[in-house]
Every structure is written in C-alpha cells, then in structure tokens.
Amino acid sequence: MDTQAIRDQMPTLVHGHVPSNVRSFKFNIFDGQPKVSALGFQVDPKPFDGKVIAKTAEVIVVKTGRAEFAVLDRALLTEDPAEGAKVHVEPYARRRFDGLRADTPEERTERTADGVPYTVQTFVLGSAPAKLPIPAPRCPELAELINQLEQLPAPDGFRRITHMLVDAGAKDFSWVDPTPANILKTPPAIRFSVATGKFEGQVTVLYDRAADQYVIELHRDGTQVERVEDVFFDDLGSVLERLIDDGTWRFIRIQHLSGPKSVRH
C-alpha cells in the first residue's frame, strides 16, 4: 500500500465529513506495521468504533471522531464493509497466553504492616510480555530456553517469539526439567500444540547438550513430520516462523454493527 499516496488523497476522501468550522483533521493508517508512541515505544492500538465514509481500491476510511479518521488496508480486513456501515475495528494487538492484551498491567497482592491485603498494578512503558505458562525450572538450560522464547524478537520485529506462539494458538504446554546428571538422557524441552494454516499438531523445542544447539520437532497424530536440527538460539524465531506462522495475526478484525452489510473475506 502506497501510504504517501493515501496521505495525499485524504483531504479529498474526507471532504464533506469534517465540520465546516474545523480547519484540520487527524487520521491513523493501519497497514500491518507497528505503531510507535511519541516516546518511541512500539504500542498496541486499541479497538474502536466508527462509520465507513469512503473506499478506494486499497483502503477504507472510517470516521472515528468529529474530525478523526482511521485508514484501513483492505488487504488485511476480515470483512469488507460497505460505505455507510457502522463497524467495530480491532487492529492486531499482542496478547498473553491467558488471552489478555500483552500490555495489560500486571497485578500482585501486597499486605500492609498490619496484614491488610491490597492490589498493586505494574506497567512498564514499552513492555508487552507474554510469559510462558511454565513454573520456574531447576534446570539452567531450560530456564535459558524459556528466557530466550520470552525475550528474543520474532522476525517481524514487533512481537517476541512467545507472542508468535500465542498467535499460533499454542496450548497444552508440557516440559522436561532434568537434573544435571540426566541432561543427555532426557534433554530439556518444551512441548505445546498449535493450530495454524501452516501446521496443526505438536511442536517440541529441545536442547541438544552435545551440540549446544536446539532441535525443533513437529508431530501430528503421534507421527513426526519434520525435525530441524542445529538451530542456534538466535534462529529460534525464524525457524518457528517458517514452521508454524501463517501470517493471519496481521488481519484487522471487522465487526458489522449497523448499516449496509459487509462482504466476508
């Protein structure tokens, strides 16, 4: 999508939809690229409602406020709403394994000196963690694998690897947490199931102590269908993307609220 061309067209596209006493208007473009805050942090956009006021071959324009608009890439929409329709728009946002947005403040319970409990919310600017549902392990190599999956970026540069796993529907986690004496016999490993357009089945990421590298295995119905050896830690994201990421996480979800009906993609 040619964003500069869209910017040049916006005065024409919104003509008649801006009050006559307003000298300027604002708009955001949603084209699958990460949003960046004024402080330089990547942020996850909030859902919003609006009315479709214009369409081109590439975009639809949704009025979201008195002089505010959203420009949506039509190639990414789950539905193609008709002009005049009122819609609910949900751009991609990173999520945690519990289904909540990854930028949801973390809560913990503290107690006052006399034992009265109170809740504390913690939010770190620019942070959107997706922690694996795995308790702290005793095996250092398993702990390092968990840390790498949670902290290393996915190839798109916006998500972490664990966000990629959430988007792939990862669930039913199990793990192997060996003692140092058994690290060769029972290698540290994390297993989970996914369901995407690329692969549906079980994924295993295990640490090969002899090679000091990772192995990624895919199983379906109890049968191994692929095995990738000699995976360096900084290749975990690219290999997992190739194996399980179908790209549908980029879609902008559209829900029709009222007005002319949408065309479902």
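The values are calculated or read from the model by the stated rules, or taken from the named source; none is laboratory data. Remember, predicted model here, so these are calculated numbers, not experimental data. Glycine also receives a Cβ, built like all others from the backbone with ideal geometry; neighbour counts cover every protein chain displayed.
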- Query: So which residues in the stretch 147-179 are farther than 30 Å from V36 by Cβ and assigned to a loop (DSSP other than H, G, I, E, B)?
  - Reply: D177, P178, T179
- Query: Regarding S174, is this residue in contact with a Pro (Cβ under 8 Å, 6 or more places away or on another chain), surrounded by fewer than 20 Cβ atoms within 10 Å (Cβ to Cβ) and closer than 30 Å to D103 by Cβ?
  - Reply: no
- In the set A154, A143, which member is in contact with a Leu (Cβ under 9 Å, 6 or more places away or on another chain), modelled with pLDDT of 95 or more, outside the structural domain of S24 (by TED's automatic domain parsing) and not basic (K, R)? A154
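Let's see how each residue does on (1) crowded, with 16+ Cβ neighbours inside 10 Å; (2) at positive phi:
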site	(1), (2)
A57	no, no
T64	yes, no
A67	yes, no
L77	yes, no
V89	yes, no
Y92	yes, no
G99	no, yes
E106	no, no
- Near pairs, Cβ below 8 angstrom, 6+ apart or cross-chain, from the stretch 33-54 (more than 19 Å from P129 (Cα to Cα)) to any residue that is at pLDDT 85 or above and of a type in the set (S, T, Y): F48/T64; D49/T64; G50/T64
- Quick one: R74 ticks every box in (1) free of Cβ contacts under 8 Å to residues at least 40 places away in the same chain; (2) in contact with a Phe, Trp or Tyr (Cβ under 7 Å, 6 or more places away or on another chain); (3) among the charged types (D, E, K, R) except a single one, so which number is it? (2)
- Item | Those residues of the stretch 85-100 which are free of Cβ contacts under 8 Å to residues at least 24 places away in the same chain and either hydrophobic (A, V, I, L, M, F, W, C) or touching a Gly at 6+ places or on another chain (Cβ under 7 Å) (or both), in sequence order | L100
- Which residues, taken from the stretch 187-231, are within 27 Å of the chain's Cα centre (by Cα), surrounded by fewer than 15 Cβ atoms within 10 Å (Cβ to Cβ) and of a type in the set (A, V, I, L, M, F, W, C)? A195, V225
- Task: Looking only at the stretch 142-154, decide whether some residue is of a type in the set (A, V, I, L, M), touching a residue at least 60 places away in the same chain (Cβ under 8 Å), in contact with a Pro (Cβ under 8 Å, 6 or more places away or on another chain) and farther than 20 Å from G247 by Cβ.
- Result: yes
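Just checking: which of the strands (runs of 3 or more DSSP E) contained wholly in the stretch 39-122 hold 2 or more residues that are in contact with a strand residue (DSSP E or B) (Cβ under 9 Å, 6 or more places away or on another chain) and aliphatic (A, V, I, L, M)? Full working, then the answer.
Working: elements: 48-55, 59-65, 68-73, 86-90, 106-111, 117-122.
In the stretch 39-122, 48-55, 59-65, 68-73, 86-90 are the strands (runs of 3 or more DSSP E) which contain 2 or more residues that are in contact with a strand residue (DSSP E or B) (Cβ under 9 Å, 6 or more places away or on another chain) and aliphatic (A, V, I, L, M).
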- Query: Taking the stretch 69-113 as the search range and keeping residues that are basic (K, R) and more than 30 Å from Q9 (Cβ to Cβ), which one is nearest to the chain's Cα centre (by Cα)?
  - Reply: R94
- Task: Only residues that are surrounded by fewer than 10 Cβ atoms within 10 Å (Cβ to Cβ) and farther than 20 Å from V52 by Cβ: list them for the stretch 3-21, please.
- Result: Q4, S20, N21
